[in-house]
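Peer 1: Could you have a look at this structure, given as structure tokens, before my questions?
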Amino acid sequence: MISAVFLLLAVVLDRLLGEPRRWHPLVGYGYLVRKVEHALYPVTPQDEPVWRMRLRGVLGISLLLLPLTGLACWLARLPWLGQLASVLLLYLAIGAQSLREHAQAVLDALRAGDLPLARYKVSMIVSRNTSELDETAVARATIESVLENGSDAIFAAVFWFLLLGAPGVVLYRAANTLDAMWGYRNERFLHFGWAAARFDDVLNLIPARLSALTYILLGHTRQGWQCWRAQAPSWYSPNAGPVMAAGAGALGVLLGGAASYHGKLKQRPTLGLQRPPVAEDIARAIALVQRSLWLWVVLALLAGLLNWSLTHA
């Protein structure tokens with residue numbers, strides 16, 4: 001029951017305060033990640049065999065994850081302070097309000113007819129090239145980011161908090177951030193970042209599918225389920241596939257397709273049904289993720305109340 005109450009408090013804090021504008025712990029963590037990368041990455045990577053590059057990556061994620069998770073374990077055990085730390089750590093991890101604000105900024109620009117501003121705003125939440133996107137492509141990129149980050153940045157963090165408490169959410173958020181920095185399939189990180197990418201895949205395996213299930217329950221259920229089953233296996237990410245396909249079907253829009261990343265055109269499968277997205281579909285995607293979050297909160301509270309009733313009967 002206490003974990004569910006902490007979840008409610010963290011979600012309320014996030015809604016009222018949003019993401020910290022200064023001194024966010026993840027900024028400091030990103031600085032630490034770069035330092036560890038600089039220390040472990042070989043001067044002549046072309047001379048390193050694959051197994052040794054991967055071993056360097058394993059050492060890197062061990063150095064970056066184990067001490068922080070251990071610190072969270074210690075904090076969570078402290079009387080009173082541990083409870084406060086648990087709420088604050090979850091609040092810092094979920095970022096639901098930040099995701100909403102970024103997507104809303106794109107929507108506001110499109111509503112105002114300012115396509116250059118919309119392109120700039122969406123460039124802050126996606127890694128693809130946005131300078132030549134039309135209104136449909138901007139809406140598509142924004143919705144994809146909302147759906148995928150809803151799973152990665154919100155629901156996975158909540159899942160690991162409910163399962164393991166503060167250590168779980170710290171482990172997950174640190175690993176997810178590490179994947180965002182090292183998990184690229186390019187020349188530099190293909191092998192060095194292999195362990196970070198695979199560990200993040202493991203941590204997201206169950207949360208991604210729970211997120212997809214939530215999307216289809218709160219959207220167009222039948223077509224969301226159809227898209228999940230038929231289209232998710234074709235997506236290049238085993239966890240993003242179910243989330244994106246189910247979300248696209250639940251919203252009744254077409255996502256995926258060709259997109260330019262770092263100057264190279266990537267042909268992605270088409271996900272969803274019916275029609276290309278328009279600006280107002282961004283608002284529907286935001287609402288879907290917000291409803292999904294509150295459903296998770298309510299279900300956690302009900303489960304906690306039921307468990308409390310059974311143990312005190």
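Peer 1: Quick one: what pairs do we get from region 264-284, first residue under 18 Å from A230 (Cα atoms) and aliphatic (A, V, I, L, M), second outside any helix (DSSP H, G or I) and open to solvent by 80 Å² or more (accessible area, probe 1.4 Å), C-beta under 9 Å, 6+ apart or different chains?
Peer 2: L273/H220
Peer 1: If A300 satisfies every condition in (1) closer than 23 Å to L107 by Cβ; (2) in a helix (DSSP H, G or I); (3) open to solvent by less than 30 Å² (accessible area, probe 1.4 Å) but one, which is the exception?
Peer 2: Status for A300: all satisfied but (1).
Peer 1: How about region 207-227: which of its residues are under 20 Å from the mean Cα position of the chain (by Cα) and farther than 20 Å from A287 by Cβ?
Peer 2: Listed by number, the residues that qualify are P207, A208, R209.
Peer 1: Taking the criterion of being out of contact with any Phe, Trp or Tyr (no Cβ under 8 Å at 6 or more places or on another chain), among the small types (G, A, S) and within 19 Å of V253 (Cα to Cα), would at least one residue in region 99-113 satisfy it?
Peer 2: Scanning region 99-113, I find at least one residue that is out of contact with any Phe, Trp or Tyr (no Cβ under 8 Å at 6 or more places or on another chain), among the small types (G, A, S) and within 19 Å of V253 (Cα to Cα), so the answer is yes.
Peer 1: Can I ask one more? Name the pairs: first residue in region 13-27 and over 17 Å from S86 (Cβ atoms), second residue at pLDDT below 90, Cβ to Cβ under 8 Å, at least 6 apart or on different chains?
Peer 2: Final answer for the pair search is E19/G95.
Peer 1: Same structure, new question: Which numbered condition in (1) under 19 Å from the mean Cα position of the chain (by Cα); (2) among the aliphatic types (A, V, I, L, M); (3) modelled with pLDDT of 95 or more is the only one that A240 fails?
Peer 2: With respect to (1) under 19 Å from the mean Cα position of the chain (by Cα); (2) among the aliphatic types (A, V, I, L, M); (3) modelled with pLDDT of 95 or more, A240 is out only on (3).
Peer 1: Which of the strands (runs of 3 or more DSSP E) found entirely inside region 183-273 contain at least 3 residues meeting this: in contact with a strand residue (DSSP E or B) (Cβ under 9 Å, 6 or more places away or on another chain)?
Peer 2: Details: elements: 254-256, 259-261, 264-266, 270-272.
Those strands (runs of 3 or more DSSP E) span 254-256, 270-272.
Peer 1: Further, regarding this structure: Grab the helices (runs of 4 or more DSSP H) fully contained in region 27-123, keeping just those with 2 or more residues being open to solvent by less than 50 Å² (accessible area, probe 1.4 Å) and hydroxyl-bearing (S, T, Y).
Peer 2: Numbers: elements: 50-76, 81-94, 96-111, 115-123.
Those helices (runs of 4 or more DSSP H) span 50-76, 81-94.
Peer 1: Please name all residue pairs, on different chains or six or more residues apart, with Cβ atoms under 6 Å, provided the first residue is in region 41-59 and is in contact (Cβ under 8 Å) with a residue 40 or more places away in the chain and the second residue is assigned to a helix (DSSP H, G or I).
Peer 2: R54/W194; R56/L40; G57/W194; G57/A195; V58/A195
Peer 1: Before we move on, is S260 of a type in the set (S, T, Y) and open to solvent by 20 Å² or more (accessible area, probe 1.4 Å)? Talk me through it step by step, then tell me what you get.
Peer 2: Values: of a type in the set (S, T, Y): yes; open to solvent by 20 Å² or more (accessible area, probe 1.4 Å): yes.
Yes: the conditions hold for S260.
Peer 1: Could you list, in sequence order, the residues of region 129-157 that are open to solvent by less than 30 Å² (accessible area, probe 1.4 Å), of a type outside the set (A, V, I, L, M, F, W, C) and either over 19 Å from P269 (Cα atoms) or modelled with pLDDT under 95 (or both)?
Peer 2: Residues satisfying the conditions are T130, G150, S151.
Peer 1: Let me ask another. Residues of region 64-88 being closer than 27 Å to E148 by Cβ and out of contact with any Gly (no Cβ under 9 Å at 6 or more places or on another chain), which ones? Full working, then the answer.
Peer 2: The initial filter retains those residues of region 64-88 that are closer than 27 Å to E148 by Cβ, namely 64-65, 68-69, 72, 86-88.
Answer for region 64-88, where residues must be closer than 27 Å to E148 by Cβ and out of contact with any Gly (no Cβ under 9 Å at 6 or more places or on another chain): L64, L65, L68, V87, L88.
Peer 1: Continuing with this model, one more query. Would you mind stating whether G82 is among the small types (G, A, S) and more than 21 Å from L13 (Cβ to Cβ)? Even if it seems obvious, please write down each step before you answer.
Peer 2: Numbers: among the small types (G, A, S): yes; more than 21 Å from L13 (Cβ to Cβ): no.
Answer is no for this residue.
The values are calculated or read from the model by the stated rules, or taken from the named source; none is laboratory data. Note that the structure is a prediction, hence the values are computed from the model and not measured. Note that we place each Cβ from the backbone using ideal geometry, even for glycine, and neighbour counts take in every protein chain shown. We work out accessible area using only protein heavy atoms, side chains counted, and drop any ligands, DNA or RNA first. Shrake-Rupley method; radii C 1.70, N 1.55, O 1.52, S 1.80 Å.
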